[in-house]
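K.L.:
Here's a structure for you.
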Amino acid sequence: MSLFRTTGLRAATTARFIAPTPRIAAAFHTSQKRAILPVGPQVIDGTVNDPAPVPAPNPTHGSYHWSFERLVTIGLVPLTIAPFAAGSLHPITDAVLGATLVLHSHIGFQACIVDYIPKRLYPKLLKAARWALNSATVLVLYGLYEFETNDVGITEGVKKLWKA
Amino acid sequence: MSLSRTAFRAASQLSHRQPAAASFLLPRLQTRSAASTTPTTAAEAHSLLVSQRQKRPIAPHLSIYQPQLTWYMSSANRITGVLLSGTVYLFGISYAVAPWLGLHLESATIAAAVAALPVAVKLAIKATFATPFAFHCFNGVRHLIWDTAKELTIKGVYRTGYVVLASSAFAVTYLTFFA
């Protein structure tokens with residue numbers, strides 16, 4: 001009996017040299033932290049087995065939405081070239097340029113809001129940002145309307161500043 | 001045959017064939033459950049999960065990626081767009097609220113203020129506005145070309161990318177110094 005026990009002990013000592021116990025990592029991950037912002041609120045909705053929610057079909061989303069964005073962008077191309085070619089724009093064309101620019105900007109800002117404020121984490125902030133953008137756009141449209149009617153208009157105004 | 005294997009086999013033989021000898025060892029064994037558990041409520045478990053999730057690694061920062069024309073120009077497209085649109089919005093809102101705040105944003109007033117600046121400052125301001133404008137215009141056309149499913153290869157992306165950069169450089173030079 002004692003023979004087995006001493007042999008077992010020596011075997012255990014030998015085994016320790018053969019296979020050293022793996023070192024436990026100091027932390028979960030050891031790479032450098034490069035967080036831009038602190039971690040947001042951790043929202044746990046349902047379980048892992050829930051299917052992804054299917055968005056309700058909406059005719060203004062999807063391809064129509066995409067096509068509309070392209071139409072606005074394509075429209076901006078001649079409206080941008082025209083003042084360089086003609087030297088200035090007719091007040092109505094100038095107003096169309098202003099409205100198209102605001103529409104294009106609004107869509108662009110919307111994309112930024114949706115990209116950078118995830119709905120799951122910050123639903124209230126997202127809503128606030130959307131409404132802030134909507135009100136800003138209305139205010140800008142009013143401001144540009146005032147500028148078009150009481151002042152010289154966008155293209156003429158930019159030209160004036162550029163030549164100043 | 002190593003020493004440890006000998007011992008192992010001997011021990012297994014012992015436990016199989018000599019149960020009396022094995023039971024001789026039993027009083028010395030201590031038993032202990034592998035992990036201690038404490039009862040928690042659902043809310044406590046949830047808050048534990050939340051605190052654990054906040055310690056998870058975050059997706060890598062942009063700076064770990066190799067700088068490439070593809071994604072640099074993509075980022076620049078959004079940044080220049082936000083700058084240009086931000087300028088339009090800033091001016092539009094300022095002009096809208098100017099009467100209430102007593103601001104003078106009439107084109108004649110601003111033009112007079114700009115005219116009083118030194119030439120170097122004027123050129124710097126022109127370059128500051130012309131650069132995002134030219135880049136976003138040309139890159140926007142590049143995007144419209146992509147939307148027709150043309151130039152959508154790595155080669156096409158680089159070719160059109162260089163065209164956009166060259167055109168932008170040319171346009172900025174023209175708008176800053178000659179317009």
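The values are calculated or read from the model by the stated rules, or taken from the named source; none is laboratory data. All figures in this text were calculated on a predicted structure; none of them were measured in a lab. With ideal geometry, Cβ positions are generated from the backbone for all residues, glycine too; neighbour counts draw on all protein chains shown. What goes into the accessible areas is simple: the full protein's heavy atoms, side chains included, and nothing from ligands, DNA or RNA. Shrake-Rupley method; radii C 1.70, N 1.55, O 1.52, S 1.80 Å.
K.L.:
Can you tell me which of A:Leu126, A:Leu144, A:Leu133 is surrounded by 15 or more Cβ atoms within 10 Å (Cβ to Cβ), farther than 21 Å from B:Phe138 by Cα and without any contact (Cβ under 8 Å) to a residue 24 or more places away in the chain?
P.N.:
Criteria check complete, one pass: A:Leu126.
K.L.:
Of all residues in region B:99-108 being under 17 Å from A:Tyr142 (Cβ atoms) and more than 8 Å from chain A (Cβ to nearest Cβ), which is most open to solvent (accessible area, probe 1.4 Å)?
P.N.:
Looking at the filtered set, the residue picked out is B:Trp100.
K.L.:
Same structure again: Would you pick out the residues in region A:108-142 that are within 13 Å of another protein chain (Cβ to nearest Cβ) and of a type in the set (Gly, Ala, Ser)?
P.N.:
Result: A:Gly108, A:Ala111, A:Ala132, A:Ser135, A:Ala136.
K.L.:
Of a type in the set (Phe, Trp, Tyr), modelled with pLDDT of 95 or more and over 30 Å from the mean Cα position of the chain (by Cα): is that true of B:Tyr95 in this structure?
P.N.:
So B:Tyr95 passes the test.
K.L.:
Have a look at B:Gly92, B:Gly81 and point out the one that is facing chain A (nearest Cβ under 8 Å), in contact (Cβ under 8 Å) with a residue 40 or more places away in the chain and not in a loop (DSSP other than H, G, I, E, B).
P.N.:
None of the others qualify; the one that does is B:Gly81.
K.L.:
Still on this model: Which members of region B:146-179 meet the condition of being within 26 Å of the chain's Cα centre (by Cα) and open to solvent by less than 30 Å² (accessible area, probe 1.4 Å)?
P.N.:
B:Gly156, B:Val157, B:Thr160, B:Gly161, B:Val164, B:Ser168
K.L.:
Taking the options B:Phe135, B:Phe129, name whichever one is aromatic (Phe, Trp, Tyr), under 22 Å from A:Gly153 (Cα atoms), part of a helix (DSSP H, G or I) and under 28 Å from the mean Cα position of the chain (by Cα).
P.N.:
Step by step, each of B:Phe135, B:Phe129 is checked, and only B:Phe129 is aromatic (Phe, Trp, Tyr), under 22 Å from A:Gly153 (Cα atoms), part of a helix (DSSP H, G or I) and under 28 Å from the mean Cα position of the chain (by Cα).
K.L.:
On to the next question. Can you name every residue in region A:89-110 that is surrounded by 13 or more Cβ atoms within 10 Å (Cβ to Cβ) and of a type in the set (A, V, I, L, M)? Before the answer, list the steps.
P.N.:
Restricting attention to region A:89-110, the residues satisfying the condition of being surrounded by 13 or more Cβ atoms within 10 Å (Cβ to Cβ) are A:89, A:91, A:93-110.
Residues satisfying the conditions are A:Leu89, A:Ala95, A:Val96, A:Leu97, A:Ala99, A:Leu101, A:Val102, A:Leu103, A:Ile107.
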